[in-house]
1. Among the lysines, which fall within straight-line cross-link reach of Lys288, defined as a Cα-Cα distance under 24 Å, with same-chain neighbours fewer than 8 residues apart omitted?
2. Assuming 0.36 nm per residue, please report the length gained on full extension of the stretch Asn324 to Leu347 beyond their Cα-Cα distance.
3. Using 0.36 nm per residue of separation minus the Cα-Cα distance, give me the extension gain between Arg101 and Ala317 in nm, one decimal.
4. With the convex hull built on the Cα atoms of the chain, state its orientation-averaged projected area in nm².
5. Provide the per-residue ³J(HN,Hα) series for segment 268-273, in order, calculated from phi with Karplus coefficients 6.51, -1.76, 1.60 and θ = phi - 60°, each as a whole number of Hz, with x at glycine and proline positions.
6. Helix 286-297 sits at what angle to the longest principal axis of the chain, using alpha carbons and giving 0 to 90 degrees rounded to 10?
7. Give the relative contact order (percent, whole number) for the chain; include only Cα pairs under 8 Å separated by 6+ residues.
8. Counting pairs on different chains as well as pairs 8 or more places apart, how many Lys pairs in segment 12-211 have Cα atoms under 27 Å apart?
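No value in this document is a laboratory result; all are computed from the given coordinates. Computed from a predicted structure; not experimentally measured. Neighbour counts run over all protein chains shown; Cβ positions are idealised from the backbone, glycine included.
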Amino acid sequence: MARDRRVEYPGALYHVMARGNRREPIVLDDEDRINFERTLMEAVGMYEFELIAYTLMGNHYHLLLGTPLGNLVAGMQWFQATWTKRFNARHRQWGRLFGDRYKAKPVEEGEYLGSLLDYIHLNPVRAGLVSRRDGIEAYRWSSLADYVAPKRKRRKWITVSVGLEAKGYRDDSGGRRRYIEDLEHSFDWSEYKVAGLELPDGQSLQSTLRRGWYFGSEAMREKLLSILEEQTKIGERDGMRRFATSFNGPQTIVEKESAATRIVEAAQRVFGLSRSHWEELPKGDWRKGLAALLVRQRNLASNSWLSARLSMGAPSAVSRSIANSRRATKNDTEIRQAFKKLQDECLNV
């Protein structure tokens, strides 16, 4: 099954979520819940995580955390393995406790972080575990109570100030009160099952998280792709094939298409073209064919992508153009030299 690659770097923020195997419980009673929180606190301390928010449900959990040391994988491996061992020992069970590997999506600071903060804290509301009469902070097994408490009374291993700052509130009694009040007024109790799910632009946060491999702006996407590319280069220099070639999910498709775009831009430089020229040239122009040939040799994009980007007509026409260009590089000296120049231009792509 296709999997996103973990993106690790110092200062990264993540939304982390994991479910029990076959959606079975990961805690059975309050003693389990207390021990789960203790294990989470230990992980935060040992790996120097910044835990901004969390919610523990019956068969899954959500974390919003920062990694100043860029060590998400090591910390999460310890946390889940340790909790599994402790849970199994107490209940005299064995085997895996969690299902598929935990999800960890990089998150951008500011409004994106703030939206996830609300999403995580309103999870018990969506599940019908708190009532309007009791107040949303009545759910015991989350960090929301820490957002109500003054600094001297909150748990030290939860970084409340970062969450409040993302929402635009001061970490004082007034700011904390406004955060809770605004959170309570952010949804309609008659439709509590969708509390915290709608983004300001009207899109569903849940579906956005499910589809995407990060949660942030286009600028963040470019930053993450740059980090992934550097990791790939390091892996190739070390002779380790643990990066892009091991994944083929949505994350890597985006990364590959970004590399394909850079090849097309290199072709524009080599052939003295602008982007608009691709639309003006004939569909089977040899320059289009050479750019498409290099993209396909590196398995970076589909014929459909090439057809749209280079104005090459139907996807089947792309295959014909690539075949013609491949023959031309063997039989035509000028085209062979042009292709060599393009390859040289793309050595670092």
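1. Within reach: Lys256, Lys330, Lys340, Lys341.
2. Working: separation 23, 0.36 × 23 = 8.28 nm, distance 2.32 nm.
Taking 0.36 nm per residue and subtracting the Cα distance, the gain is 6.0 nm.
3. Numbers: separation 216, 0.36 × 216 = 77.76 nm, distance 4.10 nm.
73.7 nm is the gain from fully extending Arg101 to Ala317.
4. Working: hull surface 87.2 nm².
Over all viewing directions, the chain projects a mean Cα-hull area of 21.8 nm².
5. So the J values, rounded to whole Hz, are 4, 5, 5, 9, x, 10.
6. Between helix and principal axis, roughly 40 degrees.
7. Working: 452 pairs, mean separation 55.3, N = 349.
Relative contact order comes out at 16 percent.
8. Here the count comes out as 13.
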